[in-house]
């Protein structure tokens, strides 16, 4: 038996939309891109959505739109994909890390307060990461940011459709970044990203920055030193189809997470991910457990044909480029502990109850063997 960690979807409806776009639209800046932006903005509940070529570009251009650069500092978490910190260095700012709450894998607001107190006016922005699709404590983070006049750029790259206190993630900060990488809840059958915002100026600037700084009213004038970061028309056409099914797919993920919780509660030393509640509805991009037997369990499950993942085994502050600027072991203990314990189980909308039974039975069998 073979069960994949994730399974991107590509249906006939998506292929037909891609073919139509290729035949009838310009490969770049086609009508499908504009329509995808409008539909995605409406889905998230914001005024603007700007399509780009990756989640990394979405974060990068968002920082640039706020004028963040040399001499500034930006706070984020060390427990996420490295691109979140890399974009801070791209603009010449200094990445400052804040440890996570191990219960949610997201920035701890109390640690955030301490960091801002230590760094003061140097901090221009916070990038809270809704890791694995679980929303950050945005009320607390927003209160702290507003008190110090600090911008918020949500890293929603893993949180398509997640809800925090009645609002979609991606509508809670000054801007937000989404990724459509092939492992995500929406994939656009390639790579891609989206910036969402209610700020007209941010929307205008990132729209130009993604297109080599080109002015909308004069294609020969370039107002900014911009980038080639546009979304392809065919990817947007596929994304429009996928967006129609996102809520259905996310509901399947929620049911799978519920089954995992029911079958794995109390098994061995497992620490299960937070379920969410009336105020928090995760997107369940990943279902991530914790165990001190992580490596052994992963090896055992894979011997049974169950593909697993580790997101992420090395915290950003311990990656070589960040060690060079002064970060080292022991600085963010919760992130370091989680990095040694996390294991991602299969999570995608194609999983069946039989699959879940097979996975959870294998985990129970593993713990019977390690006793």
(request) Could you list, in sequence order, all residues of segment 278-300 that are surrounded by fewer than 15 Cβ atoms within 10 Å (Cβ to Cβ) and closer than 20 Å to residue 129 by Cβ? (result) 279
(message) Checking residue 42 against (1) surrounded by fewer than 21 Cβ atoms within 10 Å (Cβ to Cβ); (2) assigned to a loop (DSSP other than H, G, I, E, B): exactly one of these is not met. Which one?
(response) (2)
(message) Checking residue 73 against (1) within 21 Å of residue 247 (Cα to Cα); (2) surrounded by fewer than 21 Cβ atoms within 10 Å (Cβ to Cβ); (3) in contact with a strand residue (DSSP E or B) (Cβ under 6 Å, 6 or more places away or on another chain): exactly one of these is not met. Which one?
(response) (1)
(request) Would you confirm whether any residue within segment 249-268 is over 22 Å from residue 8 (Cβ atoms), in contact (Cβ under 8 Å) with a residue 12 or more places away in the chain and part of a loop (DSSP other than H, G, I, E, B)? (result) yes
(request) Would you confirm whether any residue within segment 198-214 is farther than 22 Å from residue 14 by Cβ, crowded, with 18+ Cβ neighbours inside 10 Å, in the same structural domain as residue 40 (by TED's automatic domain parsing) and within 13 Å of the chain's Cα centre (by Cα)? (result) no
(request) Could you tell me which numbered condition residue 328 fails, if it satisfies all but one of (1) surrounded by fewer than 17 Cβ atoms within 10 Å (Cβ to Cβ); (2) part of a helix (DSSP H, G or I)? (result) (2)
(request) From the list 80, 89, pick out the single residue that is closer than 25 Å to residue 339 by Cα, modelled with pLDDT of 95 or more, crowded, with 21+ Cβ neighbours inside 10 Å and not assigned by TED's automatic domain parsing to the domain that holds residue 328. (result) 80
(message) Quick check on my filter: what residues within segment 335-354 are in a helix (DSSP H, G or I), in contact with a helix residue (DSSP H, G or I) (Cβ under 9 Å, 6 or more places away or on another chain) and either in contact (Cβ under 8 Å) with a residue 40 or more places away in the chain or not assigned by TED's automatic domain parsing to the domain that holds residue 307 (or both)?
(response) 335, 339, 340, 341, 353
(message) Suppose the filter is assigned by TED's automatic domain parsing to the domain that holds residue 136, closer than 15 Å to residue 137 by Cβ and free of Cβ contacts under 8 Å to residues at least 24 places away in the same chain; does residue 70 pass it?
(response) no
(message) Being in contact (Cβ under 8 Å) with a residue 24 or more places away in the chain and over 20 Å from the mean Cα position of the chain (by Cα) is true for just one of 114, 34, 20, 12. Which residue is that?
(response) 20
(message) When you check residue 161 against the structure, is it over 15 Å from residue 72 (Cα atoms), within 14 Å of the chain's Cα centre (by Cα) and assigned to a loop (DSSP other than H, G, I, E, B), yes or no?
(response) yes
(message) Residue under question is residue 141, and the condition is that it be outside any loop (DSSP other than H, G, I, E, B), without any contact (Cβ under 8 Å) to a residue 60 or more places away in the chain, under 23 Å from residue 45 (Cα atoms) and touching a helix residue (DSSP H, G or I) at 6+ places or on another chain (Cβ under 7 Å); does it hold?
(response) yes
(message) Checking the structure you have, find out if any residue of segment 279-294 is assigned by TED's automatic domain parsing to the domain that holds residue 341, at negative phi and assigned to a helix (DSSP H, G or I).
(response) yes
(request) Quick one: which residue in 117, 151, 175, 145 is surrounded by fewer than 24 Cβ atoms within 10 Å (Cβ to Cβ), within 30 Å of residue 221 (Cα to Cα) and assigned by TED's automatic domain parsing to the domain that holds residue 63? (result) 151
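The values are calculated or read from the model by the stated rules, or taken from the named source; none is laboratory data. These figures come from a predicted structure and were not determined experimentally. Note: ideal-geometry Cβ built from the backbone for every residue, glycine included; neighbour counts use all protein chains shown.
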